[in-house]
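Report on one structure; see the data block that follows.
Taken together, the values in this text are just the output of simple stated rules run on the coordinates, not laboratory data. All of these numbers come straight from a predicted model, not from anything done at the bench. No Cβ is skipped: glycine too gets one built from the backbone with ideal geometry, and neighbour counts run over all protein chains shown.
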Amino acid sequence: MQKMMTNEEWDQQYSKCKKFANLQLDTSQDQYRRRNQSNPTRIVQQIADGKMGELLAYDHMKRLGFECTEPDFAIYTARFKSFDADLISGNTHVHVKSQNRTSADKYGTSWVFQSGGRGFGHMDPCVKEGESWCIFVVVDHETHSAEIHGPLDMVNVRPHFKDPKLQHLVGIKKCIYLADIDSVVRCIPPATTLKHDTVMDCLDRCLKAWTAGNFCMECELEGDDLSTAQDNDWVYEIDDLILYDVQKMIDTALGKIELSQYKVEFSKVGLPDEYRWDVEHSSSDTDPEDMSEAEAEAEAEPPRKKVKY
């Protein structure tokens, strides 16, 4: 899956990650040296990219319908650091592994797990055993986007561990390469209850706000209503303005297009009949060439009614 962000969203999120990375480095320099890592600039970027990957993975999990804990931005001393899961979904631990696009282009798309080294806590517990999932992220700073793979069950991922290409990391790291796990089946989201009324109530508020504003196209919605409108393409952004897409609001209200939440939740099982609409055309023996212009115009718009497949 490809996740796109605006420049403003990206800068805001990554600034938070970079601040975290600098604080984290101050508490962990000795630990990084034991892993043959000594370049502070590179370490800060790796930590920041990793935390950005967690934010993107969290958003990805929520969009798929999984309940999920948020990324942890607390700073721990080296003594209390661990390789516990980055996210938790229900009772399942979810590990997030990130790589930036520059590294992927140079070394191939792959993700690194800690598999050895001196001292307590220097191994990802999911490498050898246990029930857990993993999400793999490629962070692209140039396009302000990310490539997200998963969540994948570690039971299906473990057989694909390989040694890293850099010799000095052999024995300390294990790698997963995209080519090896590209066909691994993604974990299926849990069944979710549709909130049809909630979304349609939001659409009702959108239409009322548009008419109450003397049909001004500039959208003044905020919070959850704005998010829902954006998710369903009822609004669009141009020249730093958010404008109503009135045609799409009307089409959704009439059932001509499906709500985006249905597309996600029923992507594998198909949309239930009660949420499908169609146009029923009445048959006619009349030749269009024999009709008057007024009759032809009347025939051009057949009556619309709700029909189940």
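Neighbour counts of other Cβ atoms within 10 Å put S145, S98 in the fewest-to-most order S145, S98. Approximating the spin labels as points 7 Å out from Cα along Cα→Cβ, the Q230-to-T92 distance works out to 2.7 nm. Could you tell me which residue out of P159, A74, L87 lies farthest along the dipole of the stretch 2-181 toward its positive end? Charges go on the beta carbon: Lys and Arg +1, Asp and Glu -1, centred on the Cα centre. Of the candidates, P159 comes out farthest on the positive side.
Here the gap between E70 and E9, fully extended at 0.36 nm per residue and compared with their Cα-Cα distance, gives a gain of 20.2 nm.
Of all beta bridges that DSSP places with both ends in the stretch 2-181, some 70 percent have antiparallel geometry. Starting from the Cα gyration tensor of the stretch 2-181, take the square roots of the eigenvalues, sort them a ≥ b ≥ c, and report rounded, prolate or oblate (rounded when a/c is under 1.5, otherwise prolate if a/b is larger than b/c, else oblate). Cα axes put the stretch 2-181 in the rounded bin. Neighbour counting of Cβ atoms within 10 Å sorts the residues Y107, Y58, fewest neighbours leading, into Y107, Y58. Taking a 26 Å limit on the Cα-Cα distance, which of the listed pairs K106/K162; K3/K208; K62/K174; K51/K162; K19/K97; K18/K162 fall beyond it? With Cα atoms farther than 26 Å apart: K3/K208; K62/K174; K18/K162.
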